[in-house]
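Heads up, the thing below is written out as structure tokens.
The values are calculated or read from the model by the stated rules, or taken from the named source; none is laboratory data. None of these values were measured; they are calculated from a predicted model. FYI the Cβ positions are ideal-geometry reconstructions off the backbone, even for glycines, and counts take in every protein chain you see. When the accessible area is computed, the model is the full protein with side chains, heavy atoms only, and any ligands, DNA or RNA have been set aside. Shrake-Rupley method; radii C 1.70, N 1.55, O 1.52, S 1.80 Å.
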Amino acid sequence: GPAPNGSQSDFTDPMPIQSDTGCTGGARSVVSTPDGIMFVAARGFHLLTRGLEVVFIGGPVQETFKLFPVVTSAVLIAAQSQVRWTCNNASGTEGRVIVFDYAVKQWSIFRYTDVAAGVPDTAIMDAVLWQDAWTFVTAQGRVYKETSAHNLDSNATWVTMRGSTAWICEGGPLGYQHIRRAMLMGNYYSRSTLTLSFAFNFIDSEAQAYKWTETELESFDDGINVGMHVGSQNGASPRARAFRVSWQDGPPAPVDHGEGPEPDYGTGQGWDLSAIGIEFIPKPDMDRRSAKART
């Protein structure tokens, strides 16, 4: 830097970045990653690459960010190859954690409960990496620290994992397709149930579902590989404009250790998803609709 009188400075002039946006999320939204600098702008999440190019990468979570635009922290968790932003709604009463896995380039949305206060989807006021563990403070002033020892909440309650695909439209937005079946492959770690369900034609409610018990899952020799054929029930149709697959684990049945049935979750890890396969045939032309649907 320069001498006290301002002379002999070795600072170089700042290099301007060619971009149509800038950081609007404040210093708490900026985080350094192996891919470059990630930050929050008015449109959402952006990456300043090592080549000094600004790239918009937040498209998959843009709708969530619109609902929870107040960023309170950005933390890189190297052990999990994740960047986590804690984001609250404008009133600060509810929050989401928007997560980017920079190893596989995938986004996720985490939702946390302040168990001690009984507040689901709690707003998070700040988060840091403390003793190599992600740690956050809720709007109620309670501090929680993440642990890898188990997958239960702090009072040993079960935490459900749920996920779904995006809407699949292989025939195009106005076409249709014949869906035959869907299969999941994963690894089974501890006692849990598994539910696989289908939704059709952009209707969020699941029209078809099947649940496997922990006894059925434990009967598999190596991991889990379950599947369902698509049928016609509850408004479901194998011939549909759009198709979505969802999966969800659940707590196992209570176990009687001699003093009556009581919860026994083990580590609570349940299972994880390795791959999903969907068998369908795109159909030519537009969606088949009845004459009365023209109005």
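Tabulated results
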{"item": "Longest site-free stretch - the chain; sites: GluC sites (Glu not before Pro), DSSP loop, at most 12 other Cβ within 10 Å", "result": "54-258"}
{"item": "Under 18 Å from the Cα of Lys211 - aspartates and glutamates, other chains or at least 8 residues apart", "result": "Asp249, Asp272"}
{"item": "Shape call, the stretch 84-162: gyration tensor on alpha carbons, a/c limit 1.5", "result": "rounded"}
{"item": "Estimated vicinal HN-Hα couplings, Hz - the stretch 115-127 in sequence order (Karplus 6.51, -1.76, 1.60; Gly, Pro = x)", "result": "4, 5, 8, x, 10, x, 6, 5, 6, 10, 8, 6, 8"}
{"item": "Rounded to whole Hz, the Karplus (6.51, -1.76, 1.60) HN-Hα couplings of the stretch 89-106, x for glycine and proline", "result": "6, 4, 7, x, 9, 8, x, 9, 10, 8, 10, 10, 8, 7, 7, 10, 6, 10"}
{"item": "Gain upon complete extension [Ala209, Tyr189; 0.36 nm per residue less C-alpha separation]", "result": "4.9 nm"}
{"item": "Linear extension gain, Lys283 paired with Ser32, 0.36 nm per residue minus alpha-carbon span", "result": "85.8 nm"}
{"item": "Whole-Hz ³J(HN,Hα) from phi, Karplus 6.51 cos²θ - 1.76 cosθ + 1.60, for the stretch 256-268, glycine and proline x", "result": "9, 9, x, 10, x, x, 8, x, 9, 8, x, 7, x"}
{"item": "The stretch 2-77, relative contact order in percent, only Cα pairs under 8 angstrom and at least six apart counted", "result": "25"}
{"item": "Rough spin-label spacing in nm, given labels placed 7 Å along Cα→Cβ, for Ala156 and Leu52", "result": "5.8"}
{"item": "Those aspartates and glutamates that a straight Cα-Cα span of less than 20 Å connects to Lys283, excepting residues fewer than 8 apart in one chain", "result": "Glu170"}
{"item": "C-alpha center-to-center spacing [the stretch 230-282, the stretch 1-52] in angstrom", "result": "45"}
{"item": "Near-label residues of the stretch 107-121 by backbone N, under 11 Å of a point 7 Å along Cα→Cβ of Ile77", "result": "110-111"}
{"item": "Probe 1.4 Å, accessible area per residue of the chain, Å²", "result": "58"}
{"item": "Summed side-chain charge close to Val71 - residues other than Val71 whose Cβ falls under 14 Å, Lys, Arg +1, Asp, Glu -1", "result": "+4"}
{"item": "Solvent-accessible area, 1.4 Å probe, carbon plus sulfur percent, for the chain", "result": "51"}
{"item": "Relative contact order of the chain, pairs being alpha-carbon contacts under 8 Å that are 6 or more residues apart, as %", "result": "13"}
{"item": "Between the stretch 73-116 and the stretch 154-213, the alpha-carbon center distance in angstrom", "result": "22"}
{"item": "Theoretical FRET efficiency, 1/(1+(r/R0)^6), r = Cβ-Cβ of Asp272 and Thr21, R0 41 Å, to 0.05", "result": "0.70"}
{"item": "Modelled FRET efficiency - R0 22 Å, Thr147 with Trp107, Cβ distances, 0.05 increments", "result": "0.40"}
{"item": "Pair Asn225, Thr93: separation of 7 Å Cα→Cβ label points (nm)", "result": "4.9"}
